[in-house]
1. Identify, from the list Ala68, Ala97, the residue that is within 12 Å of the chain's Cα centre (by Cα) and either outside any helix (DSSP H, G or I) or of a type outside the set (S, T, N, Q) (or both).
2. Please list, ordered by first then second residue, the pairs with beta carbon atoms under 8 Å, 6 or more apart or interchain, first in region 1-30 and at positive phi and at pLDDT 85 or above, second among the charged types (D, E, K, R) and assigned to a loop (DSSP other than H, G, I, E, B).
3. Take the residues in region 14-48 that are exposed (fewer than 11 other Cβ atoms within 10 Å of the Cβ) and aliphatic (A, V, I, L, M); name whichever of them is farthest from Ala71 (Cα to Cα).
4. Do you know which of the residues in region 199-219 that are more than 17 Å from Cys249 (Cβ to Cβ) and of a type outside the set (D, E, K, R) is surrounded by the fewest Cβ atoms within 10 Å (Cβ to Cβ)?
5. Quick one: count up the residues across region 192-226 that are over 21 Å from Glu258 (Cβ atoms) and touching a Gly at 6+ places or on another chain (Cβ under 6 Å).
6. If a residue must be under 19 Å from Pro188 (Cα atoms) and at pLDDT 90 or above, how many such residues does region 254-270 contain?
7. Select from region 32-65 the residues that are outside any helix (DSSP H, G or I), more than 16 Å from the ligand (Cβ to nearest atom) and β-branched (Val, Ile, Thr) and write down the one among them that is farthest from the chain's Cα centre (by Cα).
8. From the set of residues in region 123-167 that are within 16 Å of the ligand (Cβ to nearest atom) and in contact with a strand residue (DSSP E or B) (Cβ under 6 Å, 6 or more places away or on another chain), which is modelled with the lowest pLDDT?
Amino acid sequence: PSITRGVTTEVPKVSWEDIGGLKDLKKKLQQAVEWPIKHSAAFARMGISPIRGVLLHGPPGCSKTTLAKAAANAAQASFFSLSGAELYSMYVGEGEALLRNTFQRARLAAPSIIFFDEADVVAAKRGGTSSNSTTVGERLLSTLLTEMDGLEQSKGILVLAATNRPHAIDAALMRPGRFDLVLYVPPPDLEARYEILGVHTRKMKISNDVDLRRIAEDSELFTGAELEGLCREAGIVALRENISATVVCNHHFQTVKESLKPALTRAEVE
Ligand code: ATP
């Protein structure tokens, strides 16, 4: 049925160890996501109401989605994933119905995490234009606000939203009780790049001449997604050279590295 179009439900298999760097951020997410679910009695005892929404913002390819999945996995929560762009492109009324339906399913499957990618497309600042007709975005935003306010009664549901454009998000979503926690997910620094390369070569046999630290040093401005691509491509280059190859060598990494240009610019990182 069309009502389920645009939502993916799965129990994510990603864990915190699959994410390189971001130590403090992982800890904050653990506290915001795992604790209220795992220790709900303690929260109730102390009279603390758990956070209902977390906004993750930062450049593309730096693990916002992966963090949300790891959080859901760690908390053993059902994971519902929605895309702002997809909701926006649906027929009149269909996007709102899908939003409501997702919250409904999340309530039934609680504890649940609803991951909302490209949130700015739906939660963009309202109006200011002369036209007084409600736009698709405004209707979706108002549905989202209603659903988030309704979370008060339902336990064990958390909305994690991701955006590359935090300034475009409507202020109404930042009111207390909605997105109470806003976390910046930065591009990886040297140590994080080293760890990310470690994660994505874990299942790979790499030759002794590969110096991952050196590659990390040489890959400033690379995002996690680009580093993952670098490792995968190096493996493919090795196979292209010799289909019976068993190890990936330094020159394979270097060949790929030379052909890659990071999408981020220094200005975006600083
Ligand atoms: P977008 O804004 O484009 O949706 P995103 O910030 O949500 O991007 P992800 O989709 O989580 O980024 O990451 C893209 C890919 O890059 C994933 O497959 C992930 O494995 C890899 N990746 C990104 N950052 C890291 C990291 N810190 N450690 C390990 N892998 C990473």
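1. Only one candidate qualifies: Ala68.
2. Correct list of pairs: Gly21/Asp189.
3. Only one residue tops the list, namely Met46.
4. Taking region 199-219 and keeping what is more than 17 Å from Cys249 (Cβ to Cβ), we get 199, 202, 216-217, 219.
In the following step, the residues that additionally are of a type outside the set (D, E, K, R) were identified as 199, 216, 219.
Values: Val199: 17, Ala216: 23, Ser219: 22.
Going through the qualifying residues, I end up with Val199.
5. Our first condition is that a residue be over 21 Å from Glu258 (Cβ atoms); within region 192-226, this holds for 192, 195, 198-199, 202-203, 205, 208.
Subsequent filtering for residues that are touching a Gly at 6+ places or on another chain (Cβ under 6 Å) retains 192, 195, 199.
Within region 192-226, residues that are over 21 Å from Glu258 (Cβ atoms) and touching a Gly at 6+ places or on another chain (Cβ under 6 Å) number 3.
6. So the first thing to find is which residues in region 254-270 are under 19 Å from Pro188 (Cα atoms), and the list is 257, 260-270.
So of that shortlist, the ones also at pLDDT 90 or above come out as 257.
Qualifying residue count for the region: 1.
7. Only one residue tops the list, namely Ile48.
8. Taking the candidates together, the pick is Ala123.
The values are calculated or read from the model by the stated rules, or taken from the named source; none is laboratory data. As the structure is a prediction and not an experimental result, all values here were calculated from the model. Backbone-built Cβ (ideal geometry, glycine too); neighbour counts: all protein chains shown.
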